[in-house]
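Enquirer: Please find one structure pasted underneath; my questions will follow.
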Amino acid sequence: MQYNSLKTLGGQSARLFTELNERRAMTFTVADARSILGSNAAAARSLIAKARRRGLVTQLKPGLYNLVPFELGRTATYAGDPYLIARSVVGDAPYFLSHATAFELHRMSTQPHLEIFVSSPKRFRPQTIGGYRYRFVYVPEARFFGASRHWVTKDQSVNVSDLERTVIDGLCRPEYVGGMTEVTRGIWMQREQLQIDHLVAYAVRLGVGAVASRLGFILERYELANAAQLGQLRACLGTSYHRFDPLLPAEGRRNARWRVQLNVALEELDAVRFG
């Protein structure tokens, strides 16, 4: 917010917006306003309501607000960056953007998504904010690993699953990415950047047989792993067979080496590589 715009605000409003801008906090809560102003909740809500009427603030959800950049002028619909909003929604809870959202951020997908996936060891209800559906995936603390930082602006960042964890999450819950064809396409698109040792270690650490089964089959089919790496994955297999794509019916031949039921045509998988 520019200095000239601040001059037209009252003293308390100018103080609030100056502090929020200095903190680079585009989203804020009533509690944040109370802390900055040293006021009670009623006074903070009243000031925010006046700012909303002037088009300086938009409400993302009850109790959560977003500053409207001055260059946009007055607007009642500005929602801000959906990734930064996700960060604000979870507050102090551990989190990382995941699944289809992480696929998009890592350039593993060409499909735009209006659903933002957030993984956390804390449970949240799904929410719709600014036209985006926020979907929260519960992850037990023992399986909460593999986060990296993604810079949304030059001074604002969010947590996102790293490349290898993004693949693992796609293999574990393909329905949150768009199916196994999308997962395999993402793996192939970023094959030069993937650290296979890292990827295999994540699969072993997660300890989910379906993930080891699907990953082993893909890495061998696409010739992306060596014998030792494949051996580590085979050691994680149980006796049960897993559908290659859980979104599709349990049909197709079974691959005993990887305990996977191939309910996706091999031609479809090979088209990702050679198409």
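Enquirer: Of the residues Ala250, Ala227, which is at pLDDT below 95 and among the small types (Gly, Ala, Ser)?
Expert: Sole residue among the options that is at pLDDT below 95 and among the small types (Gly, Ala, Ser): Ala250.
Enquirer: Any chance you could count how many residues in the range 88-100 are among the small types (Gly, Ala, Ser), assigned to a helix (DSSP H, G or I) and either under 8 Å from the mean Cα position of the chain (by Cα) or at pLDDT 95 or above (or both)?
Expert: 1
Enquirer: Select from the range 174-216 the residues that are of a type in the set (Lys, Arg) and buried (at least 17 other Cβ atoms within 10 Å of the Cβ) and write down the one among them that is farthest from Leu105 (Cα to Cα).
Expert: Per the stated criteria, the residue is Arg214.
Enquirer: Okay, next question. For a quick check of your reading of the model, give me the residue pairs whose first member lies in the range 144-170 and is in a strand (DSSP E or B), whose second is modelled with pLDDT under 95 and of a type in the set (Lys, Arg), with beta-carbon atoms closer than 8 Å and at least 6 apart or on different chains.
Expert: Sorted first by the residue in the range 144-170, then by its partner, the pairs are Val158/Arg87; Asn159/Arg87.
Enquirer: Next question. Do we find that Phe103 is touching a Lys or Arg at 6+ places or on another chain (Cβ under 8 Å), at negative phi and at pLDDT 95 or above in this structure?
Expert: So Phe103 fails the test.
The values are calculated or read from the model by the stated rules, or taken from the named source; none is laboratory data. For clarity, every value in this text was computed on a predicted model and none was experimentally measured. Cβ coordinates were reconstructed from backbone atoms using ideal geometry, including for glycine residues, and neighbour counts include every protein chain displayed.
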